[in-house]
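**Student:** Here it is, the structure in full.
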Amino acid sequence: MDKPRTDAKICGMGHSMKRKEDPRFIRGKGNYVDDIKLPGMLYMDIVRSPYAHARIKKIDTSAALKIPGVLAVIDGPTLEKYKLHWMPTISADTQMVLPIDEVMYQAQEVCAVIATERYLAADGADAVEVEYEPLPVMIDPLKSIAPGAPVLRKDKKGKSDNIAFHWEAGDRDKTEKALAASEVVAEQYVYVPRIHVASMETCGCVADFNTAEGKLTVYMTTQAPHAVRTVFALVAGHVGLSEERIRIVSPDIGGGFGGKVPVYPGYVIAVAASVVIGKPVKWIEDRMENLQADSFARDYHMKVRLGASKDGRMTALSIKTIADHGYTNASANPMKYPAGLFSICTGSYDLKNAFCEVDAVYTHKPPGGVAYRCSFRVTEAVHAIERVTDVLAQKLGMDPAELRMKNFIAPERFPYKSVLGWEYDSGNYPAALNKAMDIVGYEDLRKEQKEKRARGELMGIGICSFTEIVGAGPSKDFDILGIKMFDSAEIRVHPTGKAIARFGTKSQGQGHETTYAQIVAEELGIPASDIQVEEGDTDTAPYGLGTYASRSTPTSGAAASLAARKIRSKAKAIAAHLLECSEADLDWEPGKFFIKGVPDKAKTIQECAFAAYTNMPQGMEPGLEATHYYDPPNLTFPFGSYICVVDIDRGTGEVKVRRFVAVDDCGNIINPMIVDGQIHGGLAQGVGPALYEEISYDEDGNISGGSFLDYYVPTALECPKWETDKTITPSPHHPFGAKGVGESATVGAPPAIANAVVDALSHLGVTHVDIPVTPEKVWALLRKAGAAE
Ligand code: CDP
């Protein structure tokens, strides 16, 4: 779709409509969980473990309970009475809500204090005295996986090792044979470190149990309200919380990025406190709790091997991974894919042989495995293939762009069945890379690099040509804890021709109130400004699986389109009735039905809406509304080519991103400005992990980088002026040809930056550097090569 089909008044797809939600956000009038204040509301604060592994000998609450305003301390044995001290994770593992006798990671919840004021709750938490007996700590996943390692999850009967799961895809033997027969094999150990999902708003909730009605309302920071309601009902049904008596409301959310998919113990404790006390209880994490205790992302140790012929034709790929999941597997992956969609690791290349395997390991760290702005491990997969492609190029002495061009899946091969089982819906990889090379001026940059090298200056050019996989379902393969992955839309057109549309997804800043309205406007010709969009309230929205992994456009977006088409079809019958003609005589243009060849004999969609309530044909059901549950036939496969130019300071090892060209393809675009915004934000969240962000632990399990003083999140100052462009290759199976886009840039940026750094240092014999590429790491490489100033 090159040009919008609708005019600026209707503002359907393709218009850069300003975001409908922004007037309230820029006026500070958003309604976040912490803005919710209910009469008689109490506050909760959590006591957390300073140890990564310890026995709890005693919890002394006497001093805390003496503080005026502190009402109660809830600990593991309190919850045990109600059988609520353990809960399932979204990956069907188990997790303590509060411990009875042992803590398993630093910052784990030990007990919770309830008070009349937030600061009194904090004072109370400070006053609780916990006596611990420190126990041996297992931090290194490579030691944890070794035979004979002490078993961490003693709560699991019969468990004799620390493996959370083993998962594999592809043909191991065939791949090994193909690697052995390859003329060249590039081999690289690649570590994608543990990072933190630094959303602006931390997690929290207000749990409000109405004792008179027996109804629980939880306002909470969740990306998946319906799934949470079902899980609450399944887990707490035995204490009387059945699903129709639970209402989950996700109000405005200040960034989720996957970190607001899991159910954290704090939510459950606040609910239990409200049910027991009979008053609303608010719990809001502080920044350090958010950073130290909530689910982490990544932490993949990958041994990658890529075989090729001497002239650069890729032959086989093998990736062996050890994944550190911390104390429990709390990732939100679809059940059939415990390692997420990691098997997209063959990327944009036509590989005939591939095998990948993942061993997930328990350690004494906070639970991990969250897909931080990523479709279930795609970031790790893309990093592996795009990094090793450059290692191969270097080994072959070939230009990395030329190597990619040589191995891309050819445009005419789509739909393309990958050797690891995915059916890529559409793509044109050479077009995207060519466009990026043109914009950046690739040949000139290579000349500039040569001249700079001759003068001893360090400049690098890095490419990443990624393929994404987003939009889970289809439901035949995708479910979370048995709940199938589809999504929904419900549209009601009011008599005056305005509408309300509700969805099973939940925006956390992506602009759904605008883009969903544009989809409905596109289909019905009702101006987008006349369409109110609502998400996140389980009492009113149709059932859906929520927003993460760039699934909203491919699923609920599609549902919006199909629900609107049902409405249009009914409106057509009404128009025929009003115009006293047959439906076959009618043509449609956005906003009106008219008699073929007579554009003046028309009825607008607004007139049809009015008639649906005032003058419908005899026998027709009154009203104008429709619901659609969309089960996608396949995933969508957005892609892009990114080129990054870096300069490196030989004195400090500092890497400066001088230019960054991002050419993205997400099929047909709903709102170009919002898509650009998604790319800009995603690129910044790619610069962070590439250059600065890492959560690591000492051998006693103490976190380093436990606050924003040490954990460095980039600002606009560290980001270049992004140069973005698009190619458009519609998805053939999506109702309006769109693919998701929300996370493309987070996935594609880190390898482009890492490749640029290695490219800058390749003449010094450097073949790889793990992210984050800190000045310290680069300076050590420069020193080793005798090139530091
Ligand atoms: O699930 P999530 O909203 O995070 O990801 P998405 O479906 O990729 O959408 C992110 C934002 O970009 C939404 O506001 C979409 O409507 C918008 N978008 C778009 O305008 N055109 C596309 N082809 C894809 C997404």
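The values are calculated or read from the model by the stated rules, or taken from the named source; none is laboratory data. Quick caveat, the model's predicted, so the values are computed rather than measured. Please note: Cβ atoms are built from the backbone with ideal geometry, for glycine as well, and neighbour counts cover all protein chains shown. These accessible areas exclude ligands, DNA and RNA; they are computed on the full protein's heavy atoms, side chains included. Shrake-Rupley method; radii C 1.70, N 1.55, O 1.52, S 1.80 Å.
**Student:** Condition first: outside any loop (DSSP other than H, G, I, E, B), open to solvent by 10 Å² or more (accessible area, probe 1.4 Å) and either under 23 Å from Thr116 (Cα atoms) or not aliphatic (A, V, I, L, M) (or both). Now tell me which residues in region 196-236 satisfy that.
**Tutor:** The answer is Asp208, Phe209, Asn210, Lys215, Thr217, Tyr219, Arg229, Thr230, Phe232.
**Student:** Out of contact with any Ser or Thr (no Cβ under 7 Å at 6 or more places or on another chain) and of a type outside the set (Lys, Arg): is that true of Val275 in this structure?
**Tutor:** Here the answer is yes, as Val275 does meet what is asked.
**Student:** Look through Leu624, Leu691 and report the one residue that is away from the ligand (no atom under 16 Å from the Cβ), buried (at least 22 other Cβ atoms within 10 Å of the Cβ) and assigned by TED's automatic domain parsing to the domain that holds Ala609.
**Tutor:** None of the others qualify; the one that does is Leu624.
**Student:** If I filter region 712-744 down to residues being more than 16 Å from the ligand (Cβ to nearest atom) and of a type in the set (Ser, Thr, Tyr), which single residue comes out as farthest from Val661 (Cα to Cα)?
**Tutor:** It comes out as Tyr712.
**Student:** Surrounded by fewer than 19 Cβ atoms within 10 Å (Cβ to Cβ) and more than 24 Å from Arg19 (Cβ to Cβ): which single residue out of Glu699, Glu723 fits that description?
**Tutor:** None of the others qualify; the one that does is Glu699.
**Student:** Okay, moving on. Please pick out the residue among Asp759, Asp725 that is in contact (Cβ under 8 Å) with a residue 24 or more places away in the chain and outside any helix (DSSP H, G or I).
**Tutor:** Asp725
**Student:** Next question. Given the residues Arg568, Arg551, which is the only one that is of a type in the set (D, E, K, R), more than 19 Å from Lys18 (Cα to Cα) and within 11 Å of the ligand (Cβ to nearest atom)?
**Tutor:** Only one candidate passes the filter, namely Arg551.
**Student:** If you don't mind, another one. So, in region 39-64, how many residues would count as being surrounded by 15 or more Cβ atoms within 10 Å (Cβ to Cβ), outside any strand (DSSP E or B) and aliphatic (A, V, I, L, M)?
**Tutor:** Residues flagged as surrounded by 15 or more Cβ atoms within 10 Å (Cβ to Cβ), outside any strand (DSSP E or B) and aliphatic (A, V, I, L, M) within region 39-64 amount to 3.
**Student:** Also, quick follow-up: If Ser488 passes every condition in (1) within 12 Å of the ligand (Cβ to nearest atom); (2) hydroxyl-bearing (Ser, Thr, Tyr); (3) in a strand (DSSP E or B) but one, which one does it miss?
**Tutor:** Evaluating Ser488 over (1) within 12 Å of the ligand (Cβ to nearest atom); (2) hydroxyl-bearing (Ser, Thr, Tyr); (3) in a strand (DSSP E or B) leaves (1) as the failure.
**Student:** Write out, first by first residue and then by second, each pair whose Cβ atoms fall under 8 Å of each other, whose residues are 6+ apart or on separate chains, and whose first residue, in region 357-372, is farther than 18 Å from Gln685 by Cβ while the second is of a type in the set (Asp, Glu) and outside any strand (DSSP E or B).
**Tutor:** Matching pairs, first to second residue: Thr363/Asp140; Pro366/Asp294.
**Student:** Next question, about the same structure. If we scan region 598-617, do we find a residue that is open to solvent by less than 40 Å² (accessible area, probe 1.4 Å) and either assigned by TED's automatic domain parsing to the domain that holds Lys417 or touching a Cys at 6+ places or on another chain (Cβ under 9 Å) (or both)?
**Tutor:** No: zero hits.
**Student:** Another one. Got a sec? Which helices (runs of 4 or more DSSP H) wholly within region 89-195 have at least 3 residues that are more than 19 Å from Gly266 (Cβ to Cβ)? Show your work before the answer.
**Tutor:** Details: elements: 118-127, 141-144, 172-180.
The qualifying helices (runs of 4 or more DSSP H) are 141-144, 172-180.
**Student:** Output the residue which, of all residues in region 466-485 that are in a loop (DSSP other than H, G, I, E, B) and of a type in the set (A, V, I, L, M), is nearest to the ligand (Cβ to nearest atom).
**Tutor:** Taking the candidates together, the pick is Ala472.
**Student:** Now for a separate question. Taking region 686-712 as the search range and keeping residues that are polar (S, T, N, Q) and within 24 Å of the chain's Cα centre (by Cα), which one is modelled with the lowest pLDDT?
**Tutor:** From region 686-712, those polar (S, T, N, Q) are 696, 702, 704, 707; that's our starting set.
Filter again for within 24 Å of the chain's Cα centre (by Cα), leaving 696, 707.
Working: Ser696: 95, Ser707: 89.
For region 686-712, the residue satisfying everything is Ser707.
**Student:** Exactly one of these conditions fails for Leu709: (1) farther than 27 Å from Asp399 by Cβ; (2) touching a strand residue (DSSP E or B) at 6+ places or on another chain (Cβ under 8 Å). Give me its number.
**Tutor:** It is condition (2) that Leu709 fails.
**Student:** Quick one: how many residues across region 507-522 are surrounded by fewer than 24 Cβ atoms within 10 Å (Cβ to Cβ) and either more than 8 Å from the ligand (Cβ to nearest atom) or assigned to a helix (DSSP H, G or I) (or both)?
**Tutor:** 2
**Student:** Name the residue that is most open to solvent (accessible area, probe 1.4 Å), counting only residues in region 652-688 that are within 14 Å of the ligand (Cβ to nearest atom), part of a helix (DSSP H, G or I) and in contact with a Ser or Thr (Cβ under 7 Å, 6 or more places away or on another chain).
**Tutor:** Going residue by residue through region 652-688, those that are within 14 Å of the ligand (Cβ to nearest atom) are 664-682, 685.
So of that shortlist, the ones also part of a helix (DSSP H, G or I) come out as 672-682, 685.
Next, from what is left, pick out any that are in contact with a Ser or Thr (Cβ under 7 Å, 6 or more places away or on another chain): 672-674, 676, 679, 682, 685.
Numbers: Pro672: 45, Met673: 82, Ile674: 17, Asp676: 50, Ile679: 1, Gly682: 0, Gln685: 27 Å².
Applying the filter and picking the extreme gives Met673.
**Student:** Residues Ala178, Ala236: which one is among the small types (Gly, Ala, Ser), out of contact with any Leu (no Cβ under 8 Å at 6 or more places or on another chain) and touching a residue at least 60 places away in the same chain (Cβ under 8 Å)?
**Tutor:** It is Ala178.
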